[in-house]
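What follows is one structure encoded as structure tokens, with my remarks underneath.
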Amino acid sequence: MKNKKILVTGGAGFIGSHLVRLFVNKYPNYQIVNLDKLTYAGNLANLRDIENKPNYQFIKGDIVDAAFINELFAEHKFDGVIHLAAESHVDRSISNPLEFVMTNVIGTVNLLNAAKAIWIPYPSGKDAEAPRFYHVSTDEVYGSLGETGMFTETTAYDPHSPYSASKASSDHFVRAYHDTYGLDAVISNCSNNYGSFHFPEKLIPLSIYNIKNNKPIPIYGKGENIRDWLWVEDHARAIDVIYHNAKAGTTYNIGGHNEWTNIDLIRLLCKIMDKKLNRNEGESAKLINYVKDRAGHDLRYAIDSTKLQNELGWTPSLQFEEGLEKTVDWYLTNEEWLNNVTSGDYKKYYEIQYSKR
Ligand code: NAD
Ligand code: TYD
């Protein structure tokens, strides 16, 4: 495989760190540059196992800073971008929508402008060798399903939260840069991920933390909302397959065909935690606490990933029960990571180590 220099944005976050790890280990001939602002969600401890590899470089910076992004592209002459940097938590988007517009919309357009300025016309003039802009997005752009049906790549966008509205907007800009300027752009829309290094504000890691510490598990509304959960490493594998094989201008849905109501998921998690913590069966479930529903709470997400499976041969590798147990094991083994993240201590070290370029 050809040598390539690839920019990954948001590589210190949950999914980004799994993607960076996969690429750094699998493609020693690629130079992986991880650009991350290290917001509350970015944590370089997520990448400690690969941080000294010769094909990995970390740069601290903000995608909202257009001058910095233009300079970065001019300096590095990237052969591709995999863009994950985003504000990603729906509840935060409800209290601070503008931050989501800045990072998710303006940040994405800044990257598109920098890529367009450097890449178009393609240096080689050959479509097959065009540098690629891969935009990582979410199924939440499609809105909410009723009891039946699934999101396909042609489902009309219908976002409801400021988070999903900002992601939908960024998707539209990526498509517009392909259609208008001929940028080689690809988008994937993935369902809810779970696994290691997941920030404990999201349902699964938050619940693991609370169960472990005997704190209430907040369930929004009646717990009847449905999400389609995918093992994060399967998402990273899907991005790898799509990045290397998709045709320019295409979109793929990624999902695990794995729908759970929140309450059923939490009951399963409580059962696993009882076993792991040597508690009596039913003890952790006593922590379940129904709270006020999230505003505009989407009822159901379900992804049809047939196109990805048929065209590119990707399939999820793990059953949910197995993946959830592995996730619990990881959090219980990596107590220090969890405690540092919840106390905010992980920020102090990195604030000293890294300053903006
Ligand atoms: P995350 O919140 O864990 O990580 C986001 C990363 O982006 C962090 O490292 C953060 O420091 C960085 N970042 C934020 N603002 C930045 C800025 N202005 N400049 C540079 N870096 C910045 O998010 P995640 O869950 O890993 O999600 C990654 C991507 O995948 C997002 O685009 C998200 O929309 C998408 N996605 C997430 C899920 C999911 O279930 N988590 C599902 C589908 C798609
Ligand atoms: P979350 O992990 O925030 O992901 P998303 O909103 O992107 O789907 O939430 C997953 C589901 O769990 C969602 O239906 C909201 C619900 N939820 C709770 O019931 N309690 C919580 O404390 C959180 C964070 C989420």
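Only loop residues by DSSP count here, and only those with at most 16 other Cβ atoms within 10 Å; note down the trypsin sites (Lys or Arg not before Pro) in region 118-192 that meet that.
Loop-located and lightly packed - Lys126.
Could you point to the residue in Gly13, Ile263, Met150 farthest towards the positive end of region 4-350's charge dipole, with +1 and -1 charges on the Cβ of Lys/Arg and Asp/Glu respectively?
The residue sitting most towards the positive pole is Gly13.
Quick one: putting +1 on the C-beta of Lys and Arg, -1 on the C-beta of Asp and Glu, what dipole do you get for region 217-357 around its Cα centre, in Debye to the nearest 20?
Around 480 debye, computed over region 217-357.
Looking at the calculated P(r) for the chain, what percent of the C-alpha pair distances fall above 36 Å?
18 percent
Do me a favour and compute the ellipsoid semi-axes for region 52-165 from its Cα gyration tensor, root of five times each eigenvalue, largest one first, whole Å.
Square roots of five times the eigenvalues give 30, 19, 13 Å.
If contacts are Cα pairs under 8 angstrom and at least 6 residues apart, what is the relative contact order of the chain in percent?
Relative contact order here is 18 percent.
What is the distance in Å between the Cα centres of region 1-25 and region 54-81?
Cα centroid of region 1-25 versus Cα centroid of region 54-81: 13 Å apart.
Treat each spin label as a single point 7 Å out from the Cα along the C-beta direction, and report the His244 to Asn52 distance in nm.
2.8 nm
Give a quick list of GluC sites (Glu not before Pro) in region 125-210 that DSSP marks as loop, anything other than H, G, I, E or B, with at most 14 other Cβ atoms within 10 Å.
For GluC sites (Glu not before Pro) across region 125-210 that sit outside H, G, I, E and B with at most 14 neighbouring Cβ atoms in 10 Å, the list reads Glu147.
Mean Kyte-Doolittle hydropathy of -1.0 or higher plus an axial Cα length of 27 Å or more: which whole DSSP H helices in the chain meet both?
162-181
For Lys326, go through the lysines and keep the ones whose alpha-carbon is under 25 Å away, minus same-chain ones fewer than eight residues off.
Once the sequence-local lysines are set aside, what remains near Lys326 is Lys26, Lys202, Lys212, Lys215, Lys271, Lys275, Lys276, Lys286.
What's the magnitude of the charge dipole for region 4-350 around its Cα centre, counting Lys and Arg as +1 and Asp and Glu as -1 at the beta-carbon? Answer in Debye, nearest 20.
Charge dipole, region 4-350, about its Cα centre: 580 debye, nearest 20.
For Lys271 and Leu98, compute 0.36 nm times the residue count separating them, minus their Cα-Cα distance, and round to one decimal in nm.
58.3 nm
Give the Debye-formula value of log10 I(q)/I(0) at each listed q (0.13, 0.21 Å⁻¹), with one equal scatterer per alpha carbon of region 119-218, two decimals each.
Values, matching the q order: -0.66, -1.08.
Kindly provide the Kirkwood hydrodynamic radius of region 1-122 in Å, to one decimal, from all pairs of distinct alpha carbon atoms.
This gives a value of 14.7 Å.
222 nm [θ] for the chain, helices only, -39500 (n - 2.57) per DSSP H run of 4+, per residue, to 500?
-12500 deg cm²/dmol, from helical runs alone.
Once you mark the chymotrypsin sites (Phe, Trp or Tyr not before Pro) that are in a DSSP loop and have at most 16 other Cβ atoms within 10 Å, what is the longest gap between them in the chain?
Of all site-free stretches, the longest is 158-353.
Every number in this text was worked out from the coordinates using simple rules, so none of it is lab data. Not measured: the values here are computed from a predicted model. Positions of Cβ are backbone-derived with ideal geometry, glycine not excepted, and every protein chain shown enters the neighbour counts.
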